[in-house]
Ligand code: DX5
Ligand code: ZN
């Protein structure tokens, strides 16, 4: 069995009390904090940046922070997220002029690197950089918003990505992001994912008896 990890997307958290929300999901069993960065340019929405990542570290969050950069250009923000305490930094290859360089910048800064694939982005972007990625993130919705429905064709793409990882013999996490729910996570795991981002399915599943505990996808695998 794979080493499954759950990464709540804080896009669905209450931003007015973000530190407590992150503490609560981690105490409820989450493994990784998924941090969605949107710039109103590469994607049609605007969220949070390196200052908020740094604030979470100052608040005392020690869990890995997975910065998903939906921004263009990417390179300057890579440096800012390294300084802000990110653990993983992933970006969309279409948003970088020099994919190999951006991956190298991330690793040179001591972070784990990853490429993100939109639903219609081919996995061939991996062809010459498989040795430079620690994570492959497949989007199962078009990026920009939480609460969208899982695009079913992503399951075949997951199988293809899993085959590439297994053939490489490398230690690369396969993350899925968008529309992950209690009722589809098992099928997504069978298709090869080992790291599951979930926003609405976690933050809308507060335990009725214990107000600081979240259930939902955190208890599904
Ligand atoms: C979408 C973001 C996702 C989003 C997932 O662009 O990358 O991380 O928050 O939200 P849900 O789980 O609600 O689809
Ligand atoms: Zn994301």
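Go through region 79-109 residue by residue and tally those that are within 16 Å of ligand 2 (Cβ to nearest atom) and either touching a strand residue (DSSP E or B) at 6+ places or on another chain (Cβ under 6 Å) or farther than 14 Å from residue 38 by Cα (or both).
Residues in region 79-109 being within 16 Å of ligand 2 (Cβ to nearest atom) and either touching a strand residue (DSSP E or B) at 6+ places or on another chain (Cβ under 6 Å) or farther than 14 Å from residue 38 by Cα (or both): 10 in total.
May I ask you to say which residue of 210, 187 is outside any loop (DSSP other than H, G, I, E, B) and surrounded by fewer than 19 Cβ atoms within 10 Å (Cβ to Cβ)?
187
Please indicate, with yes or no, whether at least one residue in region 137-154 is part of a helix (DSSP H, G or I), at pLDDT 95 or above and either within 16 Å of ligand 2 (Cβ to nearest atom) or within 15 Å of the chain's Cα centre (by Cα) (or both).
yes
Looking at (1) more than 11 Å from ligand 1 (Cβ to nearest atom); (2) farther than 20 Å from residue 90 by Cβ, find the lone condition where residue 181 falls short.
The failed condition is (1).
On the basis of being touching a residue at least 40 places away in the same chain (Cβ under 8 Å), away from ligand 2 (no atom under 16 Å from the Cβ) and within 18 Å of the chain's Cα centre (by Cα), does residue 123 make the cut?
Yes.
Among the candidates 196, 117, which residue alone is within 13 Å of ligand 2 (Cβ to nearest atom), modelled with pLDDT of 95 or more, under 22 Å from residue 74 (Cβ atoms) and crowded, with 16+ Cβ neighbours inside 10 Å?
The conditions single out 117.
Sort out which residues of region 186-212 are under 22 Å from residue 134 (Cα atoms) and touching a residue at least 24 places away in the same chain (Cβ under 8 Å), and write them in order of number.
Correct list: 188, 189, 191, 192, 193, 194, 195, 196, 197, 198.
Here is a list: 29, 79, 19. Which entry is away from ligand 1 (no atom under 16 Å from the Cβ), part of a helix (DSSP H, G or I) and in contact with a helix residue (DSSP H, G or I) (Cβ under 6 Å, 6 or more places away or on another chain)?
Answer to the check: 19.
Within region 32-60, which residues are within 14 Å of ligand 1 (Cβ to nearest atom), in contact with a strand residue (DSSP E or B) (Cβ under 7 Å, 6 or more places away or on another chain) and in a loop (DSSP other than H, G, I, E, B)?
The answer is 32, 40, 42, 43, 45, 47, 48.
State yes or no: is residue 127 away from ligand 1 (no atom under 15 Å from the Cβ), modelled with pLDDT of 95 or more and out of contact with any helix residue (DSSP H, G or I) (no Cβ under 7 Å at 6 or more places or on another chain)?
yes
Can you tell me which condition residue 101 does not meet? The list is (1) assigned to a loop (DSSP other than H, G, I, E, B); (2) away from ligand 1 (no atom under 14 Å from the Cβ); (3) on the phi < 0 side of the Ramachandran plot; (4) in contact (Cβ under 8 Å) with a residue 24 or more places away in the chain, and all the others hold.
Among (1) assigned to a loop (DSSP other than H, G, I, E, B); (2) away from ligand 1 (no atom under 14 Å from the Cβ); (3) on the phi < 0 side of the Ramachandran plot; (4) in contact (Cβ under 8 Å) with a residue 24 or more places away in the chain, the lone unmet condition for residue 101 is (1).
The values are calculated or read from the model by the stated rules, or taken from the named source; none is laboratory data. Given the structure is predicted, the values throughout are model-derived calculations rather than measurements. Positions of Cβ are generated from backbone atoms using ideal geometry, with glycine treated the same way; all protein chains shown enter the neighbour counts.
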